[in-house]
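Working notes for the structure below.
The values are calculated or read from the model by the stated rules, or taken from the named source; none is laboratory data. Remember, predicted model here, so these are calculated numbers, not experimental data. In this analysis, Cβ positions are derived from the backbone assuming ideal geometry, glycine residues included, and neighbour counts consider all displayed protein chains. Side chains are part of the model used for accessible areas, which takes the heavy atoms of the whole protein and leaves out ligands, DNA and RNA. Shrake-Rupley method; radii C 1.70, N 1.55, O 1.52, S 1.80 Å.
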Amino acid sequence: MDARFHLPAMVRELKTAKVLAFNAQAFLDSAGVARKVTEFKKKQTVFSQGDPARNVLYIQKGGVRISVVNETGKEAVVAFLGPGDFFGEGCLAGQPIRIGSATAVAATTVLVIEKKEMVRVLHAEHAFSDRFISYMLSRNIRVEEDLVDQLFNSSEKRLARTLLLLAQYGKEEKPQKMVPKVSQELLAEMIGTTRSRVSFFMNKFRKLGFIKYNGGLHINTSLLSVVLHD
């Protein structure tokens, strides 16, 4: 069988990101979209589970964690979003309330676009509409690949892939060498393992030169070898 069919999700993302990525900020500016800029401090709530779903949000700077709490109070992190990502788009499909919570993981700047305005622009600006649909499809693919990653890959590979995604490897723009500060507890929640396992693998990655701590967590592209390793 062709070896490319065995490549993990991270590699496919690296190959397809240039096609799927787009400069949403430029489209929002050129389309003259009415929106407001909102600043959030680290750990500040952007919206809470159960809040009315009235707008779509776009991250200019920083990062946002999306989490869901079940009836017994157990929280699960379902996404970690960064600059160039939309969230809260469920309102466009008739979602009346937020099904999860969004929390800033660093000082974050967000564009808030009212639902009616977003719908207007999607109908009026076909180029933006086409790109937005491509973006959402790529996000859906990412969710599916995350599920496959969770079901079939080891916790070591899941951690390596998560760190690379946090560093934005695979996006059209130049990846960032230093990722937003993320606790080992949060990383453990994101990949579905224990903090002790995350600590073990982080120490291993550091000794192998894949990551380093110098005023923050720096990611080396060589970490991709962990994802590729059978």
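Overview of results
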| item | result |
| --- | --- |
| Among the listed pairs 181/204; 42/115; 116/181; 115/181; 42/157, those beyond 24 Å (Cα-Cα) | 42/115; 116/181; 115/181; 42/157 |
| Descending principal axes extents, the range 58-106, alpha-carbon based, whole Å | 34, 26, 11 |
| Sequence of 72, 38 when ordered by accessible area, the most exposed leading, probe 1.4 angstrom | 72, 38 |
| With all protein chains modelled, accessible area of residue 165 [1.4 Å, Å²] | 30 Å² |
| Label-point gap, in nm, between residue 203 and residue 74 - each point 7 angstrom along Cα→Cβ | 2.8 nm |
| Heavy-atom accessible area per residue - the range 49-201, 1.4 Å, Å² | 50 Å² |
| Stretchable slack from residue 228 to residue 95, in nm (0.36 nm times residue separation minus alpha-carbon distance) | 44.1 nm |
